[in-house]
1. Considering the Cα trace of segment 125-194, what is its radius of gyration and what is Dmax, both in angstroms?
2. May I ask for the angle, rounded to the nearest 10°, between helix 22-33 and the longest principal axis of the chain, with both axes built from Cα atoms and the value confined to 0 to 90°?
3. How much length would be gained if the chain were fully extended between E176 and R58, taking 0.36 nm per residue of separation minus their Cα-Cα distance, in nm to one decimal?
4. Viscosity 1.306 mPa s, temperature 10 °C: Stokes-Einstein D of segment 40-102 from its Kirkwood Cα radius, in µm² per second?
5. Can you list residues from other chains, or at least 5 along the same chain, whose modelled amide H is less than 5 Å from the amide H of G71?
6. Is there a quick way to get the dipole size of segment 9-192? I mean about its Cα centre, with the Cβ of Lys and Arg at +1 and of Asp and Glu at -1; what is the value in debye to the nearest 20?
7. Using Cα pairs under 8 angstrom and six or more residues apart, how large is the relative contact order of segment 9-192, in percent?
8. How do D27, D112, D39 rank when sorted from fewest to most other Cβ atoms within 10 Å of their own Cβ?
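Values in this text are rule-based calculations from the coordinates and carry no lab data. Worth saying up front: this structure is predicted, and the values here are computed from it rather than measured. A quick note on method: Cβ atoms are made from the backbone with ideal geometry, for glycine too, and the neighbour counts reach across all protein chains shown.
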Amino acid sequence: MTDTIEAAGHANWVPLPLDADPDVVVDGLRARYAATTPDDDLGLQLDLVRGTIATLRRQDASWEETGTAIGAAWVLTPDPERLEIAALAVLRASAVTAATGAEAVMGELIGDGPVHGQPVVESLDGAGTGCYRLRYRPIVENAEEREVHQLNAVVWLRPEQSLVYVLSSYVQSLLEADTIGDLLEELALGMAGF
């Protein structure tokens, strides 16, 4: 394991440096996309970036309580020339015992809530040993209706480090869910450092 996790070659995934000042990140993105994204749209997207970074930093600050640390994050832009956020991907690391297997990790990720269809759990070729792709569709109920969402994830089991790494993206629109899952897997295939 190295001190740096890298993901190369994915123009549609824009990294969000979680250790940087959010205002500096926003200023950098504003400079990068100002000529190609309308001002009103850019302002909304940058507010979303700022809020996302703040939320992830708060979550990461409680890693000792939760047992989960956030390592990196990216936003997906369908057009690399415009900042138009379609999804968020987050890489988390959680402690596991050396005896923890893939089935236990997947069960923990899926949880015991209602699920539409069978979750898909398969080895992900090309992403190293102990790497799996997970796609499942939780049923979300609110006062007025039931919705089906999708969680796309790539999971690396590292029992020798007593860690599991999970790169995930939660999608509310099933029209885009599988495409985002495919792009997430492409991002995972370019990752190194753990």
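1. 14.2, 47
2. 60 degrees
3. Gain on extension, E176 to R58, equals 39.7 nm.
4. The Stokes-Einstein estimate is 117 µm²/s.
5. Correct list: L91, R92, A93.
6. Using Cβ point charges on Lys, Arg, Asp and Glu, segment 9-192 gives about 380 debye.
7. 18 percent.
8. Ranking D27, D112, D39 by Cβ neighbours within 10 Å, fewest first, gives D112, D39, D27.
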